[in-house]
């Protein structure tokens, strides 16, 4: 479970988030939609503790990140928060100097202090599970975009986060590959993962997300069950966006 | 050295001017090294723009007999014979000893002084009573002198200095075990030093003569006659007595001359042979390599700390690191070495020469490497930090495991290039008498006149080490360029 309460964030004198609140129940998936510049990505970065919020509270399990905390304590809790919240970046940010296996095992070994052999075994299992057999010892630069993305997903997954964040998971993929990613995310849903997926593609989120949240100008315009928001939007701005997007 | 050169050029110009303006009287241009040159010829402490010394007075007496006007040309002791051959002056009057190798290149006048050698040690020294005890010790002396040849002949490890002051100071600081020097210098620079004492009695060294260019037989006759004259009329004795240099040996020399006896003197021979020279060069090459690697190790470690310190925005640490970097990049490395070698002992920190060079070059290159690190760290995309953070890594862990390995790859080619530069820059250690390739070249070449051949050999030594490194740097650069192109291709394929 992750909850955002009245989040405010400004960057370079520009207000990016204006009082964003929502909650994602365990085992459910929230899709966040909105035009570029609506604050979707910044919101995700705040939820991962990469950006400091100006006001508001983020709660995930027993971690409570309050904007009013002093810097040192905020940084300490942001680190705890990141242990509960995994992130798959739009541009993946795989580590180019490490093999696929190295990318995946680096954090479990050095952050969680797990046994390397055990982590490697688990990594191999996860890779096999998502159809990436035999790439463990290759380097990211030799993989296709789709393969790289799956490596990034496994890298986040192996930390066993309570919540997985996806930033525009299909922006770099062709339609066939984007269908593959959707199938993969469906499997995660079936396994009971909690996810937040930011995407500009409504089609991708349709029958993937339980709930949808439409953002505009840093505000939550509408937050509802997916089919309700898609087929019976209440706010005129949501209606406008959906009409243009389709 | 360049200051000395400038000074000698200035003196030379002055000499030329004077010779033009007073054509009536011929000049006698005499070359000598006045730095640390007491009591021969040196700067008058009471009157810094004037030289004094017993040889200066002697030259004045000689010139008066020859009907010439003396003009002194300040020069570097170690290169004094080549300077004479180039015609920078007409005679060498600088406590010059006749040696076989010099005899092959220049003429000698009759001897005008008999010198003894004196071994000096620190006051508390217990193990050295004579030269025999110096087998495994390091002895300082002037480069290319009878003393240095004696040491080379006896197989005693020694270090050649450009002036006696530096040698005695290094003895005081414990960088040397003993100093062997002509008695006139020993008397002037060491005898009154309470921290030093003579080891054993002085022993016969040889004679001083005036050096002339080959073919200047007429001038040699003139000079010989003038020497005889000032010995006969007691002028030289008066000068030597005034400088406390008159002793039984001088009386003997004067007596022999009055009797018309030819004075026989043994010439020290340079013990130079190519096998020995190559061995000494190889040792110098090893020191050069050791200096380069040691200094680079310091530069890489300290440079990284500086780069990290500098990246902490705004704090005093960042300011301190920036100040360090600006200081070491903005001042010549030669000056930094001289400061470390001569300045630090004043606050009680006397490092041996090689260590000073190693640390000094390391400190200097750390400033440059910090900037290589900085550029490389900045070249690692921000996303790499964020990906590491998002996996729960602390800044330190992210830096160590994710950022630094990538930055090192980016930094490797420029660092290899810097290493090649550092390798060549080790030659500045010659300024503090470290026996590396440049010092070896200068000393061996000065001693033998084989500037050309030894120059080629030394260059080959340098190239054998720097060319493969430069080649490696180029290959690394090419590999990185290929990898970047590959990554770009992969990125394009996915969009």
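Values in this text are rule-based calculations from the coordinates and carry no lab data. In this text the structure is predicted, and so the values were computed from the model without any measurement. Cβ atoms come from the backbone with ideal geometry, glycine included; neighbour counts cover every protein chain shown.
Note on the stretch B:308-365: percent of Cα-Cα distances in each 5 Å bin, starting at 0 and stopping at the bin with the largest distance, equals 4, 19, 21, 17, 17, 12, 7, 1. Centre-to-centre separation between the Cα atoms of the stretch B:143-202 and those of the stretch A:86-160: 69 Å. Built from the Cα atoms of the stretch B:367-495, the convex hull projects on average onto 11.0 nm², one quarter of its surface area. Against the main long axis of the alpha-carbon atoms of chain B, helix B:451-494 sits at an angle near 10°.
Using just the helices of chain A, give the 222 nm mean residue ellipticity in deg cm²/dmol: DSSP H runs with n ≥ 4 each add -39,500 (n - 2.57), and the total is spread over all residues, rounded to 500. If you can, show how the numbers build up before the last one.
On the way: 9 runs with 96 residues, N = 246.
The helix-only estimate for chain A comes to -11500 deg cm²/dmol at 222 nm.
Kirkwood radius and radius of gyration were both taken over the C-alpha atoms of the stretch B:21-175, and their ratio Rg/Rh is 1.02.
Within the stretch B:383-427, the proportion of Cα pairs with more than 18 Å between them is 46 percent. What fraction of the DSSP beta bridges in the stretch A:149-246 is antiparallel, stated in percent and rounded to the nearest 5? Here the antiparallel bridges make up roughly 55 percent for the stretch A:149-246.
Working value for the stretch A:165-218: equivalent-ellipsoid semi-axes of 18, 15, 9 Å, each the square root of 5 times a Cα gyration tensor eigenvalue, largest first.
Rounded to the nearest 5, what % of DSSP beta bridges with both residues in chain A are antiparallel? Looking only at bridges with both residues in chain A, the antiparallel portion is about 55 percent. Scaling against 2.2 N^0.38 Å puts the C-alpha radius of gyration of the stretch B:83-237 at 1.15.
How many percent of the alpha carbon pairs in the stretch A:90-172 exceed a separation of 20 Å? More than 20 Å apart: 27 percent of the Cα pairs in the stretch A:90-172.
Would you order B:324, B:161 from fewest to most other beta-carbon atoms within 10 Å of each residue's own beta-carbon?
The most exposed by this proxy come first: B:324, B:161.
Taking the Kirkwood radius as the inverse of the mean 1/r across Cα pairs, report the Rg/Rh of the stretch B:114-204. Value, to two decimals: 0.90.
Under the criterion of Cα pairs below 8 Å and six or more residues apart, the relative contact order for the stretch A:189-246 equals 22 percent.
In square nanometres, what is one fourth of the surface area of the convex hull spanned by the alpha carbons of the stretch B:80-123?
Mean shadow area of the hull around the Cα atoms is 4.6 nm².
Which shape class applies to the stretch A:78-129: rounded if a/c is under 1.5, otherwise prolate when a/b exceeds b/c and oblate if not, where a ≥ b ≥ c are the square roots of the Cα gyration tensor eigenvalues? Oblate, because a/c is 1.5 or more while a/b does not exceed b/c. Ordering A:211, A:200 from the fewest to the most neighbouring beta carbons within 10 Å gives A:200, A:211. As a proxy for reagent exposure, ranking A:130, A:32 by other Cβ atoms within 10 Å from fewest up yields A:130, A:32. Taking the square roots of 5 times each eigenvalue of the Cα gyration tensor of the stretch A:36-96, largest first, gives ellipsoid semi-axes of 21, 15, 10 Å.
Dimensions of the stretch A:129-246 based on its C-alpha atoms, expressed as ranges along the principal axes with the largest first, amount to 52, 28, 24 Å. Taking max minus min of the alpha-carbon positions on each principal axis, the stretch B:274-494 gives extents of 69, 46, 24 Å, largest first.
Viscosity 0.692 mPa s, temperature 37 °C: Stokes-Einstein D of the stretch B:189-250 from its Kirkwood Cα radius, in µm² per second?
Rounded to a whole number, D works out at 222 µm²/s.
Axis of helix B:316-330 versus longest Cα principal axis of chain B: the two differ by about 40°, to the nearest ten degrees.
For the stretch B:85-156, the direction-averaged projected area of the alpha-carbon convex hull comes to 6.5 nm². As I understand it, the value is the acute angle between the Cα axis of helix A:71-84 and the longest principal axis of the Cα atoms of chain A; what does it come to in degrees, rounded to 10? Compared with the principal axis, the helix lies near 70 degrees. If you take the alpha carbon atoms of the protein assembly as shown and fit the smallest convex hull around them, that volume is 230 Å³ per residue. Extent along the principal axes, Cα only, for the stretch A:124-188: 29, 27, 17 Å, with the longest axis given first.
Could you work out [θ]222 nm for chain B from helices alone, using -39500 (n - 2.57) per DSSP H run of at least four and dividing by all its residues? Round to the nearest 500 deg cm²/dmol. Computed mean residue ellipticity for chain B: -18500 deg cm²/dmol. Using the Cα coordinates of the stretch B:243-310, the gyration tensor eigenvalues translate into equivalent-ellipsoid semi-axes of 57, 21, 6 Å, sorted from longest to shortest. According to the Cα-based calculation, Rg over Rh for chain B is 1.10, with Rh computed by the Kirkwood formula. Note that the stretch A:2-245 shows a convex hull volume over its alpha carbon atoms of 130 Å³ per residue.
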